[in-house]
1. Would you mind calculating the gained length between residue 1 and residue 149 on full extension (0.36 nm times residue separation, minus the Cα-Cα distance), in nm to one decimal?
2. What relative contact order, as a whole-number percentage, does region 210-255 give when Cα pairs under 8 Å and 6 or more residues apart are counted?
3. Please calculate how many Å² of accessible area the chain carries per residue, with a 1.4 Å probe and no DNA, RNA or ligand atoms counted.
4. If contacts are Cα pairs under 8 angstrom and at least 6 residues apart, what is the relative contact order of region 1-94 in percent?
5. Counting only C-alpha contacts under 8 Å and six or more residues apart, can you give the relative contact order of the chain as a whole percent?
6. How long is the gain from residue 232 to residue 170 if the chain were fully straight, where each residue apart is worth 0.36 nm and the alpha carbon distance is subtracted?
7. What distance in nm separates the simple spin-label points at residue 265 and residue 50, each placed 7 Å from Cα in the Cβ direction?
8. Can you pick out the pairs among 51/245; 3/51; 106/274 whose Cα atoms lie more than 31 Å from each other?
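The values are calculated or read from the model by the stated rules, or taken from the named source; none is laboratory data. In this text the structure is predicted, and so the values were computed from the model without any measurement. Here the Cβ positions follow ideal geometry from the backbone for every residue, glycine too, while neighbour counts run over all protein chains shown. To get the accessible areas, we keep the full protein, side chains included, count just its heavy atoms, and leave off ligands, DNA and RNA. Shrake-Rupley method; radii C 1.70, N 1.55, O 1.52, S 1.80 Å.
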Amino acid sequence: TQKASAPVNLSGTFTFVVNNIAYLGCGARTGSNNSITVYAYNPSTNSWASKANYIGPSVVGPVGFSIGNFGYAGGGTNGSGTLNNQFYKYDPTTDSWSTIAAFPGKPRVGAFAFVQNGKAYVGGGTAVIGGSYYYALNDFYEYNPATDTWSPAPGLPGLPKTGAGVFSFADNAFVIGGYENETDTYYNAVSEFLSCGQFSTIEEHGKERIVFNIFPNPSIDAINIQLGDDINSSVEYNVVGIDGKLIQNGIRREKLFSLTTKEMANGVYLLTIKTDNGQQTSKRF
């Protein structure tokens, strides 16, 4: 059902919902001028109202989320290759913004966010090198509003993406689609972030998830990977840290193989197994 139109023409805004009121702000306006204006939509009256201006820079492609009675927004680009990593907190009761801890990862545009158990997870999106070369990211960071701190979280499995969609059911969040800047390739993969803090690929290019087991887990010197009976091809494996950095990768043809871990620092890692027909699944160890 069509609702009341927004007060201005806009694109590339942040959005969040607090106490059943939706907020959007920043983004591009008619004529490609970036803005810091913020608007609130009340579904009970089907009406819009102006709110306090965003106190950060005028940007396109910032990301927003809400935790409890507060909204948050940050990131984005000024449209000329300069990216922002500052984040801000919005209090609807006072209609005011305040600065919070800056995002610790690479500044980016087109990131996506979701909230679980009172904490926000922000990642993906696009970074820039030299003002003109853009590349997608798959790292994620957790924001804890109680301590106003960010910390690394498990990265998005599979290929880096920007512009993905996010939705939640119960305690789990889902990331769907997106595209990769360097190749201009669009994806239909769906990844699920579980309440235990682990990403899992549930669908990749229309294929169901593949099955494999990791043991022992946890491990000191090596892990064993047992592939499911339905895998009848060679597989590509990738091991990444929680910061999204690649640690190991290669191709194996055995149903059971081992990877050494004794040179790896203590911590949490993500192993992704991908078949030659595009199926893939990630597990944490």
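1. That pair, residue 1 and residue 149, stretches by 49.3 nm at full extension.
2. Worked out over region 210-255, it gives 30 percent.
3. Using a 1.4 Å probe on heavy atoms only, each residue of the chain averages 47 Å².
4. RCO, region 1-94: 23 percent.
5. Result for the chain is 10 percent.
6. Full extension from residue 232 to residue 170 adds 18.8 nm.
7. The modelled label-to-label distance comes out at 4.9 nm.
8. Long pairs (Cα-Cα over 31 Å): 51/245.
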